[in-house]
Every structure is written in structure tokens, then in C-alpha cells.
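The values are calculated or read from the model by the stated rules, or taken from the named source; none is laboratory data. All values reported here derive from a predicted model rather than from experimental measurement. Counting neighbours? That spans all protein chains shown, and the Cβs are built from the backbone with ideal geometry, glycine included. In case anyone asks, the SASA skips ligands and DNA or RNA and just uses the protein heavy atoms, side chains included. Shrake-Rupley method; radii C 1.70, N 1.55, O 1.52, S 1.80 Å.
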Amino acid sequence: MKVDTEFLSALKLGGEFDARMCINCGTCTALCPLGVELMPRRLFRYALLGNRDAVLGEAETIFSCLLCRLCEANCPAGIHIAENVRTLRTVVNRDVYGLAEA
Amino acid sequence: MPVPIASTLGMLGDNLRKRKSALPLRRRAVTGWTHGLDIPRGGETVLYTGQMWQMVPAIDAMSRQLAKYEGRSSARLFSVARSMNKVLNLTPFLARTSARERAAFDERLRNIAKLLKAAQVPFGYLYEDDLYAGGLAHDEGLDEAFRVQAQRVADALRRHGVRRVITVDPHTTNMLRSVYPTVVPGFDVQVKSYLEVLAERRLSATTKLGETVTFHDSCVYARYEGVLEEPRSLMKEGGITVLEPEMSGKLTFCCGGPLESLFPGKSAEIASRRVGQLSAVSKRVVTACPLCMANLKRVAPAGVTIEDVSDYLVKAYCPTPVPA
Ligand code: SF4
Ligand code: SF4
């Protein structure tokens with residue numbers, strides 16, 4: 001696995017990517033209406049590990065989040081899950097979809 | 001597999017940059033709902049729609065088109081569409097709506113204006129300057145396009161000397177109240193949803209409706225903006241018994257609406273789950289968001305009605321006009 005430090009700093013710039021406090025309890029994934037194993041806990045793990053390819057390879061999944069905050073309302077660590085997903089979208093838009101903004 | 005995301009988001013960004021809206025509507029489609037209501041132009045307090053109610057029939061129509069391409073290899077077609085859309089506004093072609101569909105959504109805006117009048121809340125309207133607030137661009141991570149749009153809206157409000165805004169849907173409420181202050185320097189307009197404005201006034205109903213419904217909380221009102229009690233207390237005073245479904249209030253379950261454009265299949269699946277939870281409690285479902293209403297309606301089986309809270313409130317709080 002390649003740790004991409006540039007990717008890590010892009011996440012910090014993109015907003016407050018605050019998944020660091022995650023205690024990995026799995027509540028979010030259990031509640032999420034999407035029923036996708038990756039969402040959102042595993043995705044954040046990849047991001048925090050600086051595994052750029054694993055994250056960007058999941059562009060579609062990142063855009064399937066409803067931003068509904070059902071996960072957040074029950075997260076014991078108070079993580080801003082929806083805002084983190086939004087931050088990942090800004091990176092995908094730029095690096096995968098080529099939607100560089102003027 | 002969703003519809004091609006890059007081109008769809010590209011079009012959204014292009015529309016916002018060039019035409020100041022996610023789905024650029026004709027002017028009449030934006031302001032037509034005011035016909036005959038005599039709402040003054042501008043003022044310190046304005047009703048602000050952010051074009052959400054007006055846009056939903058077009059989003060619906062567009063999604064019906066897009067759904068045809070879900071799971072097909074249509075990347076090239078979408079990329080051609082995006083290029084064309086840069087020079088020619090494709091919305092009126094891709095999102096053809098009927099007058100009847102549009103009128104149904106306009107009627108909810110008329111309900112809301114009548115309710116505010118009945119509550120003696122003075123308000124104006126910005127007509128052609130009632131711009132889209134940019135929520136979709138924000139949600140999809142098109143931050144720069146969103147920031148530019150937010151600044152345009154803020155400039156329009158400043159130009160008209162607006163100090164207070166009354167919103168009519170959760171998404172515009174959230175953008176203006178919670179997101180704009182983080183992206184527009186010095187943005188200090190007071191923002192309240194019409195449900196909050198009405199609830200504060202502690203109105204007395206003119207008619208007790210004596211009906212029983214279940215209420216679907218919008219994720220954005222419930223978990224982003226804390227609007228939970230207002231619709232309930234207004235309905236209760238109007239003589240409506242509100243039954244709570246499985247997953248309600250702060251723990252509400254999404255209607256699936258946010259996925260309608262990019263993942264129509266998944267969106268319908270989530271909507272069906274929600275309709276199941278709601279209709280287990282009552283066949284009469286009440287919503288407070290145009291997107292929730294449209295998305296739940298699309299999958300509701302015969303016998304289950306999905307209506308907006310204003311449909312009920314207008315009957316409870318506005319005196320019925322005497323027939324001429
Ligand atoms: S905000 Fe996204 S990750 Fe969280 S529950 Fe909703 S759809 Fe799932
Ligand atoms: S609920 Fe919160 S703490 Fe638990 S796994 Fe999800 S993000 Fe981590």
C-alpha cells in the first residue's frame with residue numbers, strides 16, 4: 001500500500017476531515033441506509049491511512065452517500081461523517097472526474 | 001452502476017456558473033406562483049424560495065430521462081450532452097414538465113404565502129432575484145461553483161436591503177442559515193423556516209380538522225436544522241393527530257431523494273423502505289420538503305397519500321373564502 005502524504009494534506013485542506021477520533025465501533029455502517037460495507041467507516045480508514053488509490057477507486061460509492069446524517073446522530077465519537085464524505089467528494093471531483101474548478 | 005457522474009456533475013457546475021441555477025428555469029416558472037397574491041417586491045423581510053419547489057417537477061422529469069441510462073454505457077452520450085449544454089440550455093428539453101405538475105408544486109408556495117398572511121407576518125418577495133441557493137453543488141463537493149452562487153445570493157439580498165429571510169424548504173434553510181455564514185464573509189441575514197415563524201406566533205386554528213396522519217421528518221430539518229417540534233405543534237393545534245412512524249424525529253430515515261439523479265434505482269429502493277415504515281402507521285403521510293414529497297410519492301402504492309404539511313395547515317389556519 002502506498003501512503004500518499006499529498007493526499008493526506010489535500011484532505012486537511014478540503015475541510016475538516018475529522019475521522020481520526022473514530023473508535024471503529026461500526027454503528028454507522030450498521031445504520032446506514034445504503035447497506036454498503038465500505039460506508040462510511042472503512043472508507044475513512046483508507047483515507048486516514050493515506051491510501052489514495054483505495055479511496056479514489058471508490059468514487060461511485062462516495063457519491064452514493066445521502067448525507068442524511070443518520071450515522072452521525074448515533075456516532076459515539078461525534079464525528080462529522082457527512083462533512084467528511086463531502087470533503088472526499090471535492091478530492092474525487094478534482095482528481096478523478098477532472099472537474100477542476102476555475 | 002449509476003448514470004455517468006462526471007458529466008452530470010459537470011453540467012450542474014456549468015449551469016450554476018453560466019445560468020445561476022442547477023436546472024435553469026424560465027422566469028415565469030420561478031415567479032408564476034405569486035400570481036394574484038399581491039406580494040410586494042423586496043422589503044426587510046422576504047419569503048425566499050431558492051426555486052426549490054419550482055425546480056422539483058423539472059428534477060423529476062430530468063431523473064426520468066436519466067434513469068433510462070442507469071447501468072448502460074452512456075458515458076459518451078453524456079459527455080456530448082455536457083458540451084452542448086455549455087452553449088445551449090438543455091434543461092427545457094431534458095426536463096419537460098406539464099402545466100399540471102408545475103401547478104401542484106406552485107400551490108404549496110401559495111399555501112405558505114397564505115399562511116404567513118393569515119398569521120399577519122409582513123413579507124415581500126424578490127421575484128427574478130429569488131435565486132437558487134446552490135445546495136446541490138455544495139452537497140456534491142463543487143465548492144467553488146457553490147461559493148460563487150452563495151455570493152450572488154448574498155449580493156442580491158444586500159441590494160434589496162433584506163435583513164430577514166423566511167424559507168420554505170429544509171435545503172434552502174440549511175444553506176442560508178448554516179452554510180452561507182461559513183463561505184460568505186459578513187453574511188448576517190436572519191433565516192427562519194416558515195414553520196418556525198408560524199409556530200412562534202402561537203396561532204389559533206380557525207378549523208380543527210380532526211384527521212390522523214403520520215409525519216416524515218426531512219433529514220435536513222431534523223438533523224441539520226433542529227426543526228422538529230414546529231410542524232408537530234402546528235398540526236396538533238389544527239386538530240390533527242400525528243402518529244410517529246418507526247424512525248422519526250432526530251432518528252428519521254431518509255426518503256432517498258438525494259440519490260435521485262445519480263442512482264435512481266437505489267433512490268427508489270430507499271424510498272420504498274421509508275414508505276413501508278410510514279404506511280405501517282397511517283396511509284396519510286405528511287412531509288415538509290418538496291424533495292421528500294416527490295421521492296416518496298414516486299413509489300407510494302395506491303391508497304397511500306403523500307402530502308405537504310402546508311396542505312393541511314392552510315385548511316386549519318386560513319379562513320375559507322366565502323364563495324362569490
Ligand atoms: S450520511 Fe451517508 S454514510 Fe451516513 S448514514 Fe447517511 S448515507 Fe450512510
Ligand atoms: S459510528 Fe463513529 S466511531 Fe463508530 S465506526 Fe462510525 S465513525 Fe467510527
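What is the average number of partner chain Cβ atoms found within 10 Å of a Cβ in B:140-149?
So the per-residue partner count for this stretch is 5.
What's the FRET efficiency of B:Glu101 with A:Arg45 using the Cβ-Cβ distance as r and R₀ = 45 Å, to the nearest 0.05?
0.50
At a threshold of 8 angstrom on Cα-Cα distance, excluding pairs fewer than six apart, so keeping six or more, what relative contact order does segment A:5-95 reach in percent?
Over segment A:5-95, the number comes to 41 percent.
So what's the gap between the Cα centers of segment B:171-202 and segment B:1-69, to the nearest angstrom?
20
How long is the protein assembly as shown along each principal axis, judged by its Cα atoms, biggest number first, in Å?
Sorted from largest, the Cα extents of the protein assembly as shown read 75, 46, 43 Å.
Tally Lys and Arg at +1 and Asp and Glu at -1 over the other residues with C-beta under 9 Å from the C-beta of B:Val165: what net charge comes out?
+4
Cα-Cα over 20 Å: which of B:Lys114/B:Lys315; B:Lys18/B:Lys192; A:Lys12/B:Lys250; A:Lys12/B:Lys20; B:Lys192/B:Lys315; B:Lys192/B:Lys297?
B:Lys18/B:Lys192; A:Lys12/B:Lys250; A:Lys12/B:Lys20; B:Lys192/B:Lys315; B:Lys192/B:Lys297
How big is the Rg/Rh ratio for segment B:203-317, C-alpha atoms only, Rh by Kirkwood, two decimals?
Expressed as Rg/Rh, it is 0.97.
For the pair B:Lys208 and B:Arg41, how long in nm is the line joining their label points, each one 7 Å along Cα→Cβ?
Taking the two extended label points, one gets 4.6 nm.
Please report the projected area of segment B:197-259's Cα convex hull averaged over all directions, in nm².
For segment B:197-259, the mean projected area of the Cα convex hull comes to 4.7 nm².
Give me the summed buried accessible area for the B-A pair, 1.4 Å probe, to the nearest 100 Å².
2400
In nm, to one decimal, how far is the modelled label at B:Lys250 from the one at B:Lys283, with both set 7 Å along Cα→Cβ?
The answer from the label model is 3.5 nm.
For B:Lys68, which aspartates and glutamates qualify as cross-link partners when the Cα separation must be under 17 Å and same-chain residues fewer than eight apart are set aside?
Those aspartates and glutamates meeting the cut-off are B:Asp60, B:Glu260, B:Glu269.
Can you give me the P(r) profile for segment B:151-247? Cα pairs, bins 5 angstrom wide beginning at 0, each as a whole percent.
Answer for segment B:151-247: a P(r) of 3, 12, 20, 19, 16, 12, 8, 7, 4, 0 percent.
With each label point set 7 Å from Cα along the Cα-Cβ vector, what nm distance links A:Ala30 and B:Thr182?
Reported label-point gap for A:Ala30 and B:Thr182 is 2.8 nm.
So if R0 is 22 Å, what FRET efficiency would A:Ser9 and A:Asp95 give, r being the distance between their Cβ atoms, rounded to the nearest 0.05?
Rounded to the nearest 0.05, the efficiency is 0.95.
Provide the per-residue ³J(HN,Hα) series for segment B:176-191, in order, calculated from phi with Karplus coefficients 6.51, -1.76, 1.60 and θ = phi - 60°, each as a whole number of Hz, with x at glycine and proline positions.
5, 7, 10, 9, 3, x, 8, 10, 10, x, x, 6, 9, 6, 6, 10
Which residues of segment B:219-266 end up with at least 20 Å² less accessible area in the presence of all protein chains than when their chain stands alone, using a 1.4 Å probe?
Hits at the 20 Å² cut-off: B:Arg223, B:Tyr224, B:Met247, B:Leu251, B:Phe253, B:Cys254, B:Pro258, B:Leu259, B:Phe263, B:Lys266.
Output the relative contact order of chain B, whole-number percent, from Cα pairs under 8 angstrom with separation of 6+ residues.
With pairs under 8 Å counted, the relative contact order is 21 percent.
Please turn the phi angles of segment B:16-21 into ³J(HN,Hα) values with the Karplus equation 6.51 cos²θ - 1.76 cosθ + 1.60 (θ = phi - 60°), one per residue in order, whole Hz, x for glycine and proline.
Values, residue by residue: 5, 5, 8, 10, 6, 7 Hz.
Please give the net charge around B:Leu228, taking every other residue with its beta carbon less than 15 angstrom from that of B:Leu228, where Lys and Arg add +1 and Asp and Glu add -1.
Around B:Leu228, the surrounding residues sum to -1.
Using the Cβ atoms and a cut-off under 10 Å, what net charge is assigned to the surroundings of B:Ala205, where Lys and Arg are +1 and Asp and Glu are -1?
+2
Suppose we keep just the alpha-carbon trace of chain B; what are its Rg and Dmax in angstrom?
Just the Cα atoms of chain B yield Rg and Dmax of 19.3, 59 Å.
Can you give the log10 of the normalised intensity I(q)/I(0) at q = 0.18, 0.24, 0.25, 0.26 Å⁻¹, computed with Debye over equal Cα scatterers of segment A:5-95?
Summing over Cα pairs of segment A:5-95 leads to -0.71, -1.32, -1.44, -1.56.
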